[in-house]
Amino acid sequence: MAKIKERTPMPTREAGDRKKDFGEVASGYTKEMAVQEANRCLQCKNPTCEIGCPVGISIRDFIKNLQTEDLDEALATIERSNTLASVCGRVCPQEKQCESKCVLDKTGRPIAIGRLERFLGDYGKTKD
Ligand code: SF4
């Protein structure tokens, strides 16, 4: 079996910057990071990750769109089920929901679905 790659780390702001404001610690994936993480997805025939999503997002499909760098379609795929991608990408307990049902969870390295959702929600806000 091929070695499972590590999850793409979430970048964080430097402590020196953080002490000056009440902004977030996590600064979010760049496009390159998001595509790198999406490319870890196995595009399962039976996407068990989706069982764990209470709003029924087509997780496999939006990740596929990210793999091909079609950010607009990736966001549109999420928004067919949920218009709060930025919020849910931050506050949903993904480790107990979608990510816990990802087939890679048994390796301890499930796809970082929440981080990808956050990235796409934030991407959408840059287009407003
Ligand atoms: S279960 Fe994990 S690897 Fe499979 S489609 Fe869902 S996110 Fe990708």
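Which GluC sites (Glu not before Pro) does the stretch 1-97 hold that lie in a coil by DSSP with at most 15 other beta carbons within 10 Å? When the GluC sites (Glu not before Pro) of the stretch 1-97 are filtered for loop state and at most 15 Cβ neighbours within 10 Å, GLU6, GLU14, GLU24, GLU69, GLU95 remain. If exposed means no more than 10 neighbouring beta carbons inside 10 Å and the site is in a DSSP loop, what's the longest run of the chain without any exposed trypsin sites (Lys or Arg not before Pro)? The segment 46-95 is the longest one with no such site.
Based on Cα contacts under 8 Å between residues 6+ apart, the chain shows a relative contact order of 28 percent. Ordered by the count of other Cβ atoms within 10 Å of each Cβ, fewest first, CYS49, CYS44 give CYS44, CYS49. Around GLU79, with a cut-off of 13 angstrom between Cβ atoms, what is the net charge of the other residues, counting Lys and Arg +1 and Asp and Glu -1? Local net charge: -1. Cβ crowding within 10 Å ranks LEU71, LEU116 as LEU71, LEU116, fewest other Cβ atoms first. Taking θ as phi - 60°, what are the ³J(HN,Hα) couplings along the stretch 82-92 by the Karplus curve (6.51, -1.76, 1.60), each to the nearest whole Hz, with x for Gly and Pro? Ordered by residue, 3J(HN,Hα) equals 7, 8, 10, 4, 4, 5, 5, x, 9, 10, 5 Hz.
In sequence order, the stretch 36-50 has phi-based couplings of 4, 5, 4, 6, 7, 5, 8, 6, 4, 4, 10, x, 5, 3, 5 Hz under the Karplus curve 6.51 cos²θ - 1.76 cosθ + 1.60, θ = phi - 60°, and Gly or Pro positions carry x. Taking amide H atoms as placed 1.01 Å from N in the peptide plane, the amide H of THR12 lies under 5 Å from those of SER27, each 5 or more residues away in sequence or on another chain.
Could you state, as a whole-number percent, how many of the C-alpha pairs of the chain are farther apart than 26 Å? I get 18 percent for the Cα pairs in the chain exceeding 26 Å.
Values in this text are rule-based calculations from the coordinates and carry no lab data. In this text, all values refer to a predicted model and were calculated from it rather than measured experimentally. Positions of Cβ are generated from backbone atoms using ideal geometry, with glycine treated the same way; all protein chains shown enter the neighbour counts.
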